[in-house]
Protein chains: 2
Amino acid sequence: MNIRVMKFGGTSLATIDHIIFASKKIINMTRNSKVIVVLSAMAGSTNSLVNQIKKINTLDSSESDLVLATGEQISCGLMSIYLNKEGIKSRTWTAWQVPIYTNNEYGKARIENIPKENILESFKYYDVAIVTGFQGISKENKITTLGRGGSDTTAVAMAAAFHAEQCDIFTDVEGVFTANPSIVPNAKKIDYITYEEMLEMASLGAKVLQTRSVELAMKYNITIQVLSSQIDKEGTFVVNDNKKMEKEVVSGISFSKDEAKVTVSGLLDKPGVSAGIFGSLAEANINVDMIVQNISQDGKTANVTFTLPQSELKKAVEVLEKIKNKINFQSLKTDEKVAKVSAIGMGMRSQAGVATKMFRVLGEKNINIQAISTSEIKISVLIDQDYTELAVRSLHSIYGLDI
Amino acid sequence: MNIRVMKFGGTSLATIDHIIFASKKIINMTRNSKVIVVLSAMAGSTNSLVNQIKKINTLDSSESDLVLATGEQISCGLMSIYLNKEGIKSRTWTAWQVPIYTNNEYGKARIENIPKENILESFKYYDVAIVTGFQGISKENKITTLGRGGSDTTAVAMAAAFHAEQCDIFTDVEGVFTANPSIVPNAKKIDYITYEEMLEMASLGAKVLQTRSVELAMKYNITIQVLSSQIDKEGTFVVNDNKKMEKEVVSGISFSKDEAKVTVSGLLDKPGVSAGIFGSLAEANINVDMIVQNISQDGKTANVTFTLPQSELKKAVEVLEKIKNKINFQSLKTDEKVAKVSAIGMGMRSQAGVATKMFRVLGEKNINIQAISTSEIKISVLIDQDYTELAVRSLHSIYGLDI
C-alpha cells in the first residue's frame, strides 16, 4: 500500500477557506495513495488557550495538555467534514484513537510507539486518515502534548511507523532559505539540505521545522519536503547526506535573538570551579550553549562567560546566587542584548578557512565577537544584538549565497 | 463512600471568574464528600463551534461530535487547574476516559453504560473527579455527543452509576418557577416538584432541565436539585411523588413558541387516510404532537390538523407533498405563528374542572383555542402566538399561583 504523509501547520489552516484550500491538495494526493494527514490547530487557537490557562496558573500539569489538545481536534474534525462532503472517504483520529503512545512528560512528551493496526484496518474503507498533531496518550491514559511545533514530529513519526517514503510539511513559506528573506533580500530557497544541516539550522534559530522531527527523519531515513500550502511548487527536500550531490561549503546563515549571556567574574582559578557552576545548572535542567573561560592578568582569578536561552536566565541566576558561597565568585553579570549568528554547511568538513573568512568580515564591519562555538558543520558567534542583520547580510554575501 | 454529583451549566462557567466562583462551591462540598463534577462548555463556545461547522456542512456526522466535544474538555481542564492550585486533589475525566459508553447515534447519542471502576480507584487519591458533560464514547471508539442540554443527562447518569443520593444542577436561575418570571412578575420558585411534573414542564417548553435527565432521575430515584450558581440558597428539588406532601392542582404554567401547525384539507373520509399521513411522518422520524380531525359539513371530506416542532416543518411538508397522490388531499396549509400553552400539576388527577377553568378564562380574554391535548397531569392548548403572554398570565392567576 502506497502511503503518503501530509502535514499542515496552523497558518495553513487559519480559516475555513484555508482548510478547504489545503483539502484540495489532499484530494489530489488520494488519486495515487492512501493519505495520512497530520494537522496543527488553526492559527492563534493554541495561543488563546494558553492565555486562558495563564489566567489561572502556569502551564505545568496534565490538565493543561487536555485543554491545549482541543485545537487539533477542531481543525481535524472540520477538514474531515469537508472531505466527506466532497465524496472523499476520510475519518479523524485523535492521538488516543491511533494510539500515539508517549511518555508521561506532560507539555513536552516524547513519542514512544505508534501501533499501526487501527489506521491500516481503516484504509480498507477510508482513503484519508486525519490525525491530530502535537499530542499523544500517556501510559496513565491521559492526553499529552509534544511541545511547540510538535505536529512536525507527529508527522515524521507517522511516516516512520507507516513506512511512508516521504513526509510533506506544508507551511507558510516556500521552503528553507539560505537566510531569513526579510533580512537578506537575496536569500534563496534551498532545493536540497541534509538532515545534519537542517538540525543545525533548526536549533540555531530557523523556525521552519521542530528539531526533534528532523532527528526522527534522520533516524528512519524519511525524506521531508517543506513546501508552501498556498502555491503549487516544489519546496525544500531534507535528505540523507548521500542524496545531496553538491555540497556547498556554507548552505545557509541563521540567527537567534533569544539568547542571554551570563558572566561570572572573580572565580578562584582552581580545579572544580567550572564543574560547580555547570553541574548546578545541569541539575536545574538548564541547557548551557557557548562557554568561554578567561584567566585574569594576575593569574589568580578567572571569569566564565556562557550563553543560554533567555527564558532560562532568571532560573539560572537564582541557581548561581544559591551556590555563591560555595564556589566563591565576586560578581555576576547578565546581558540579553546579544544574538547568535551561525553559518551552516556540510562542505565545511572538507574545507579550511571558513572560520577565518567569518572573523575577517565581521572585523571589517567592526562587529565584536563575544564568544565562538563550532561543530563539524557550523560556526556560531555571539555578537551585540544591534548588529544581527548586518552580520547576517555580510556572511550571506561572503560565502557566495547572494548569487 | 459518600459521593455527591454537582453539575454546572455554561452560563455558570462563562469566564475564568465564573469558573473560580463555581470551584469554591466544590471546595466546600469536598469537606464531607468525594465529588463528581460534571461541566458544560463555557457559555457561547458550543454555538461558535456549531457556526464553524455550518460554514462547511450540516451537523450530521461523528466528525461534528469530535469538534463539539472540545468545549467541555476546555472548561474541565481549566477548573481542574484552579482546584489543584488551591490544593484540592482533582483530576479531569473525558467521557472516553471514564468511560461513558453510548450508542452510535452521533449528535444525539444515548448513554448505555458507565463502568465506575476507574473513578472509584482514583478516589483513593483524588477528592474531585471532573467529568466532561454532553458526551460519550461509541462502540467504534469515537466521541459522541448527547444533544443540547446533554450535560444534565451526564450528571444524572453519573449519580445513578455511583449511587449518589442527590444531583445538584447549578444554573443561572434560582430553580424551577411557576412560570417564566420575565412574563409573569408574580411567578415564584417551586420548592418541590415531582419527576412527572418536571418532565411535562421540560417537554412543554421550560428550558431548565433536559427531558432525558429527568426520565433517568425518575428511573433511578435520584433527587435533583436545580439551583443558582451565583447565590447561596436552596433551589427546587425534583423528587419522587411520595416525597412531595402537598399536591397543588396546578404547579406551573409553561409555553412554547417553537411549534408549527399543519392543516391537511379535503381528505376523503375513509379508513386508512390518517394512518397514511401519520405513518409516513413517523417513517421520516417526525414527531407529531397535537392532532385534531374534523369532518366537513357535507360529511364527505375531512380535515386533519396537527402540530410539530418548527424545525421539522419543512421536512414534513416534503413528506406530505410526496404522498399527495396516494392519499388524495386538496390543500396543505402551515402556520408557524402559534404557541402551545400548558398547565401542569399532579393534583389534576384527583380534581375535576381544571380544563373547564382554562377554557373559560381563555374565552373571556377572546383567545381562540386551535387544538387541545391532555394527559393525566397536564392540559395544553394551541393558540395564536400573539396571545402567548396574556394566556400565560391569565392561567397563572386563575390557578392561584399569583399568591
If you rotate chain A onto chain B, the residue of A with its Cβ nearest that axis, and the gap in whole angstrom, comes out as A:Thr70, 2
What are the distances, in nm and sorted shortest first, from the label point of A:Asn104 to the label points of the same position in each other copy, with each label point placed 7 Å from Cα along the Cα-to-Cβ direction?
3.6
Comparing A:Asn104, A:Asn113, A:Asn325, which has the greatest mean-square fluctuation in the GNM of chain A with Cα pairs linked when under 10 Å apart?
A:Asn325
Direction-averaged shadow area of the convex hull around the Cα atoms of the protein assembly as shown, nm²?
43.9 nm²
Reduced to Cα centres, the span from the range B:153-229 to the range B:332-378 in Å works out to 23 Å
Average beta carbon contacts from partner chains per residue of B:18-26, 10 Å cutoff
1
Sequence neighbours fewer than 8 away in the same chain don't count; with that in mind, list the lysines whose C-alpha is under 24 Å from B:Lys315.
A:Lys85, B:Lys54, B:Lys55, B:Lys108, B:Lys257, B:Lys261, B:Lys324, B:Lys326, B:Lys333, B:Lys337, B:Lys340
Which of the pairs A:Lys7/A:Lys116; A:Lys139/B:Lys24; B:Lys207/B:Lys378 have their Cα atoms more than 25 Å apart in this structure?
A:Lys139/B:Lys24
19 Å cut-off, amide nitrogen to a point 7 angstrom out along A:Leu268 Cα→Cβ, residues in the range A:284-300
A:294-300
Return the percentage of antiparallel bridges among DSSP beta bridges fully within chain A, rounded to the nearest 5 %.
60 percent
Computed [θ] at 222 nm, helices only, for chain A once each DSSP H run of length n ≥ 4 contributes -39500 (n - 2.57)
-9500 deg cm²/dmol
Using Cα positions and a limit of under 18 Å, work out the aspartates and glutamates in reach of A:Lys189, with same-chain residues fewer than 8 apart set aside.
A:Asp168, A:Asp172, A:Glu174, A:Glu197, A:Glu200, A:Asp232, A:Glu234, A:Glu246, A:Glu248, A:Asp402
For B:Arg360, go 7 angstrom from Cα along the Cα-to-Cβ vector, then report the distances to that same point in the other copies in nm, smallest first.
11.3
Sort A:7-19, B:312-324, A:182-194, B:34-46 by packing, meaning the average of other beta carbons within 10 Å per residue, with the highest value first.
B:34-46, A:7-19, A:182-194, B:312-324
Roughly what angle does helix B:388-398 make with the longest principal axis of chain B, taking Cα atoms, 0 to 90 degrees, to the nearest 10?
80 degrees
Helix B:45-54 versus the longest principal axis of chain B: what angle, 0 to 90°, nearest 10, using Cα atoms?
60 degrees
Added length on full extension, which subtracts the Cα-Cα distance from 0.36 nm per residue, A:Asp241 to A:Glu86:
51.7 nm
Would you mind giving the mean number of other chain beta-carbons within 10 Å of the Cβ of each residue in A:46-54, as a whole number?
2
Suppose each label sits 7 Å from its Cα in the direction of the beta carbon; what would the A:Val288-B:Lys333 distance come out to in nanometres?
9.1 nm
What's the FRET efficiency of A:Lys55 with A:Lys257 using the Cβ-Cβ distance as r and R₀ = 35 Å, to the nearest 0.05?
0.80
Magnitude of the Cβ-charge dipole of the range B:141-189, K/R +1 and D/E -1, about the Cα centre, nearest 20 debye?
200 debye
Taking Cα atoms only, helix A:150-161 is inclined relative to the longest principal axis of chain A by an angle, in degrees rounded to 10, of 60 degrees
Percent antiparallel among DSSP beta bridges with both residues in the protein assembly as shown, to the nearest 5?
60 percent
Distances in nm between the label point of B:Lys89 (7 Å along Cα→Cβ) and its equivalents in the other copies, shortest first, are 4.9
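Rule-based calculations on the coordinates, nothing more; no lab input. Note that the structure is predicted; figures quoted are calculated from it, not measured. Here the Cβ is made from the backbone with ideal geometry for all residues, glycine too, and neighbour counts use every protein chain on show.
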